[in-house]
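For reference, the structure is listed below as structure tokens.
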Amino acid sequence: MARLPTIPLTVAGVAKHELDSQAGPASPPVTESTAFDAASLAQGASYRGAYVHVPFCRHKCHYCDFYSFVDTENRAQSYVERLEVELKTSLEFIAGPLETVFVGGGTPTMLGADLLRRMLSSIRAVLPIGSDAEWSVEANPETVDEAVADALAQSGVRRVSLGAQSFNPRLLKALERDHDPASVARAVGLLRRAGVPQVNLDLIFAIPGSTIGDWESDLCRALEIAPDHLSAYGLVYEPNTPLAVKLRKGAVTRLPEDDEAEQYEFVVETLAKCGYERYEISNWSLPGNHCRHNVLYWENADWWGFGPSAASHGNGVRWRNIPRLATWLERGPFAPVEEIESLGMDGSAGECFMLGLRMMAGIPLERVSQLLRSGKRARSRVQSIANFTADGLLIEQDGHLRLTDRGLTIADIVLSALI
Amino acid sequence: MNIRNFSIIAHIDHGKSTLADRLLQETNALSKREARAQFLDSMDLERERGITIKASAVTVHHTCDGQDFELNFIDTPGHVDFTYEVSRALTACEGAVLVVDATQGVQAQTVANAYLAAAGGLELIPVINKIDLPAADPDGVAMEIEQVFGLRAEDCVLVSAKSGEGILPLLDLICRKLPPPRPAKTDKLRALIFDAKYDDYRGVVVYIRVFDGSLKTGDRIRMMGTGRNFAVSELTRYTPHPTRVKEIGWAQVGSISANIKSLADVRVGDTVTLDIAPADEALAGYEEPKQMVFCDFYPSNADADVGSGRKADFEALREAIEKLNINDASFTFEVQHSEALGFGYRCGFLGLLHMDIVQERLEREGGVEVVQTAPTVKYMIDLNDGTSVEIHNPAELPDPSQIKAIREPIAKLEIMCPTENIGDLIKLCDSRRGTFKAQRYLSDHRQILDYELPMAEIIYDFYDKLKSITRGYGTMDYQVTEYRADNLTKINIMVNGEPVEALSLMCHRSSAEARSRLILTKLRAQIDRHQFEIALQASVGGKIIARESIKAMRKNVTAKCYGGDISRKRKLLEKQKEGKKRMKQIGSVTIPQEAFLAVLDQGD
């Protein structure tokens, strides 16, 4: 394969491939960088996980800022074919063995049982995946039928994450979420019967108009289903989502901080009583059911992202594939990339704090001292850690540095000081 | 030669500049094309605000009764803040044209300046302008003029500067009625500096009226007040176009360029004489400018670049202030460091309008964005050891145990208003610790209200209140007459027990609680919740007189952070961090700059 010229890196560390003036008038201008350029910058990376982004959805919810859309042109088949090319070409950089595979979206189950089987078997066939790797797939409860459940289980998927969000039709409406609350339990039943051992439910609290009572009954409904894993997020008004626009226009009102805090405290208490372990700010699981793929993000490990809009991280370099299916389908074999960021030691250390402290376990102290050994910001980080420890927001315990319970509720104060 | 030196006294918008232009046009000094509205106001700002900030001197010729007259028109600043400058400009004249708007009647500032002119022995010609307007009431206004100034109503000249009606008779009257300049008292040069401007090309341009002797290009001059020496490089008269001349003689008016670099080297009111043959005695009446109102200017960091921005902003402000001071030496400035707002300047001004103008000019001409704190006055602190100190910043207040008395400036206030508003205005003045002096009849519809009011109360939102009570029809004028002791005190503001000097203020004891509560309420709205509860307190002499609290933050956490979110979430946190850097740290509380401004803002 022909090597591209060295990537011009701008000051901000964002590379944009410039017009190749040497190429002559006949050759088409190279206007975009590709995952190849990014991965070349990230030399020395050791990828531990793979993320595959499936951009299709049956409905676009108003709070969602992921790249996803309702496919009106039947491009699922082309998507899978294009993905297979990307998988193969990326092998050049991925030594393996990969510890996790996470298929997210969008709604991967929108592909239907057959394409889902094909995609999963291609991933398994092409990528160097470890034998005890965690396989996760995200699903919308309405799209899980027996065929899909079987396809997932038979393809070796060990973990399915269902977007439940709420069981309250009024609150689902507030999110412009289009599913029947009863479909969640039905989907879980199908997945269990098909033999998927781990099921996660995503829940959202602090939805406009919600009360602590609403949240309590949502949690009860979720617990009745007995998931192995629960993610509960305070609603985020992501910029450029219809929900954020409504907020700005005053069509929805953000729940007051105290009410949101109350709902968060409620879920922390309730799930602890029910035997769920909080292992990250918004994530709980029964013992031994952590999502290994997500933990890999918080450990700031290297992973490779496939598909439009998928992000990757290798050796302090972050890049994101272009979030446009048509462009991604056209270009190849490497994914076109919209942004490459080279963080440097200091920047990477900051991300290690920002991510690592999200976990209850925190960061091992030897890792902390390694992160604080050098870099321009090291001194101020040392000072901040001392201050926050004195204020009771951080604590050193069991050989780890971690946020205290109080620190967890206002983590951004600590994290913004440490990045 | 027949010379008449005169100026025009008028309230803002009563048509002084239009009238001046019309006079120039009528004497053929200015073509119609040139008479773009208001030739004499050269600054954009002046034109926009309809006020004249700096005087100019224009020379035109007029033939009356078969004789040629040289008319020197000396422009005066139109606002109360420039009383001293006005008085100097008036000293350079033998007469004044008193312009009153036929639709508005006599206004407070007109009265103040007319009194100044009368006190200087000037002959006054009352003129009623805008008689072309449908709402004009020349007879009623003439009665007001008679009532207030004792000038006979039938002597008023009716003009329309807009249409030109009455202009020629006015010119004739200026020649006939105004007295000629007094004869020279010595052959040694004595010229009064009545104005000075800074010109980017010529340096300082000094406007003078020669009383005795004469001045030639190349002469070495001496400023008798400051003792400074300069060689005259250029003499200019304005006809109205600047025209170089070799000499400015007895009773004439013009300007000197002498390679003077800064307006600080020139004092309005000073006497110019020749260095080789100095006059024995300077002309009377020279005074240092008196700053009555003080405030701080800080660079606004609103959209400055993160990091190095701060110092560069201060440098830009310093340059702008120094440059403006070359232009306007009547404001003072000294470097000030505020724990809240960083480095800036404490500036002193002749009055409130002067302060506004300086701020606008800094922004417009200096290209800096400034943050302005609320104005304060100067207090005299009498100490137990018999000495006194002046302070214009509450932070400078000596230890209370050493203080015998705090004296504050008291102003004589004159308000002209519609009769129907008298009651509300009396209430306003009384609520501001005012002392009623007199209520005078002006006409059936309008009255004059005389009060004594502490200056601190006048600068605290008084003018706005006056305007709203009178729906814009009230005008006022004030002059500080004395310093008087009262039960004055300093309010200290504490954030989590830490005193914040930048928020402290001087206040009368009787209003301390109310002011404190207002400040704390505003402060509470401006400070974000922190990881701990924040106590806000106001105290006087160690005693807490008001308190508020800001509850601890309960939730501030990024709920979701997975692979695709990391870059964006990191940038968000970085933004928060940078935002915090620009805030002020008081103990462990971060206070946004806007909080200080909101608190210092005097609106209720």
Estimated inter-spin distance, A:Lys60 and A:Gln43, nm [label 7 Å along Cα→Cβ]:
4.1
Out of the range A:332-419, which trypsin sites (Lys or Arg not before Pro) are coil in DSSP terms and have no more than 12 other C-beta atoms within 10 Å?
A:Arg373, A:Lys376
Work out how far the C-alpha atoms of the range A:345-418 reach from end to end along every principal axis, then list the three figures in whole Å, largest first.
29, 22, 20
Based on Cβ point charges of +1 for Lys and Arg and -1 for Asp and Glu, what charge dipole magnitude is obtained for chain B about its Cα centre, in debye rounded to the nearest 20?
2200
If a/c stays under 1.5 just call it rounded; otherwise compare a/b with b/c (prolate if a/b is bigger, oblate if not). Do that for the range A:234-351, with a ≥ b ≥ c from the square roots of the Cα gyration tensor eigenvalues.
oblate
For peptide A:336-349, compute the average count of partner chain beta-carbon atoms within 10 Å of each residue's beta-carbon.
1
From zero up to wherever the largest Cα-Cα distance of the protein assembly as shown sits, split into 10 Å bins and tell me the percent of pairs in each.
2, 9, 14, 15, 13, 10, 10, 11, 9, 5, 1, 0, 0
Assign one of three labels to chain A, namely rounded, prolate or oblate, based on the Cα gyration tensor with a ≥ b ≥ c the square roots of its eigenvalues; rounded applies when a/c is under 1.5, prolate when it is not and a/b is larger than b/c, and oblate otherwise.
oblate
Buried by partner chains in the range A:243-290 (accessible area down by at least 30 Å² vs chain alone, 1.4 Å probe, heavy atoms, protein only) are A:Glu257, A:Asp258, A:Ala261
Would you work out which of B:Gly434, A:Gly44, A:Ala232 lies farthest towards the positive end of the dipole of the protein assembly as shown? Charges go on Cβ: Lys and Arg +1, Asp and Glu -1.
A:Gly44
Within the range A:345-418: Cβ-based charge dipole about Cα centre, in debye rounded to nearest 20 (Lys, Arg +1; Asp, Glu -1):
260
Between B:Lys412 and A:Asp405, what is the label-point separation in nm under the 7 Å Cα-to-beta-carbon projection?
7.3
Run the simple label-point estimate for B:Lys551 and B:Ser510 please: 7 Å along Cα→C-beta, distance reported in nm.
3.9
Sulfur and carbon atoms: percent of accessible area, the range A:35-342 [1.4 Å]:
49
Need one value for B:565-575: mean number of C-beta atoms belonging to other chains within 10 Å of its residues' C-beta atoms.
6
What helix-only [θ] at 222 nm does chain A give? Using -39500 (n - 2.57) per DSSP H run of at least 4, over all residues, to the nearest 500, the answer is -11500 deg cm²/dmol
Calculate, for A:Ser374 and B:Glu533, the FRET efficiency according to 1/(1 + (r/R0)^6) with r their C-beta to C-beta distance and R0 35 Å; round to the nearest 0.05.
0.40
Which angle between 0 and 90 degrees, to the nearest 10, do you get for helix B:512-526 versus the longest principal axis of chain B when only C-alpha atoms count?
70
Using a Förster radius of 60 Å, what is the FRET efficiency between B:Asp280 and B:Ser163 based on their Cβ-Cβ separation? Nearest 0.05, please.
0.75
Total accessible surface hidden between A and B, rounded to 100 Å², 1.4 Å probe:
3400
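Semi-axes of the equivalent ellipsoid for chain B, please: Cα gyration tensor eigenvalues, times 5, square-rooted, ordered largest first, whole Å.
49, 29, 24
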Theoretical gain in end-to-end length, A:Glu81 to A:Glu146 [0.36 nm per residue, Cα-Cα removed]:
20.9 nm
Any idea which of B:Ser255, B:Ala231, A:Cys274 is furthest toward the positive side of the dipole for the protein assembly as shown, if Lys and Arg beta-carbons carry +1 and Asp and Glu beta-carbons -1?
A:Cys274
Unmatched cysteines, chain B - criterion: no other Cβ of a Cys under 4.7 angstrom
B:Cys93, B:Cys156, B:Cys295, B:Cys347, B:Cys417, B:Cys429, B:Cys507, B:Cys561
Inter-part gap, Cα centre of the range B:103-157 to Cα centre of the range B:501-528, in whole angstrom, is 45
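Quick one: longest stretch of chain B between exposed loop GluC sites (Glu not before Pro), exposed meaning at most 14 other C-beta atoms within 10 Å and loop per DSSP?
After excluding every exposed loop site, the longest remaining stretch is B:35-280.
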Expressed as a whole number, the average count of other chain Cβ atoms within 10 Å around the Cβ atoms of B:546-558 is 6
Determine the dipole magnitude for the protein assembly as shown: charges of +1 sit on the beta-carbon of Lys and Arg, -1 on that of Asp and Glu, nothing else is charged, the reference point is the Cα centre, and the result goes in debye to the nearest 20.
1400
For B:Arg524, solvent-accessible area (1.4 Å; no DNA, RNA or ligand), Å²
110
Structure-based [θ]222 nm, chain B - -39500 (n - 2.57) summed over DSSP H runs of at least 4, per residue, nearest 500
-8000 deg cm²/dmol
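With a 1.4 Å probe and all protein chains left in place, how much of the accessible area of chain B comes from carbon and sulfur atoms, in whole percent?
49
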With the cut-off at 1.5 for a/c, could you classify the range A:69-111 from its C-alpha gyration tensor as rounded, prolate or oblate?
oblate
Just want the answer: with Cβ charges of +1 for Lys and Arg and -1 for Asp and Glu, which residue in B:Ile534, A:Leu296, B:Val111 is farthest toward the dipole's positive end in the protein assembly as shown?
A:Leu296
For A:Lys273 and A:Ala390, FRET efficiency with R0 = 35 Å and r from the beta-carbon atoms, rounded to 0.05?
0.65
Enter the accessible area per residue of the protein assembly as shown (Å², integer; probe 1.4 Å; all protein chains in place).
41
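The values are calculated or read from the model by the stated rules, or taken from the named source; none is laboratory data. What you see is a predicted model, and the numbers here were worked out from it, not measured in a lab. Ideal geometry is used to build each Cβ from the backbone, glycine not excepted, and the neighbour counts take in all protein chains shown. Each accessible area value is taken on the protein alone, full model and side chains, heavy atoms only, with ligands, DNA and RNA left out. Shrake-Rupley method; radii C 1.70, N 1.55, O 1.52, S 1.80 Å.
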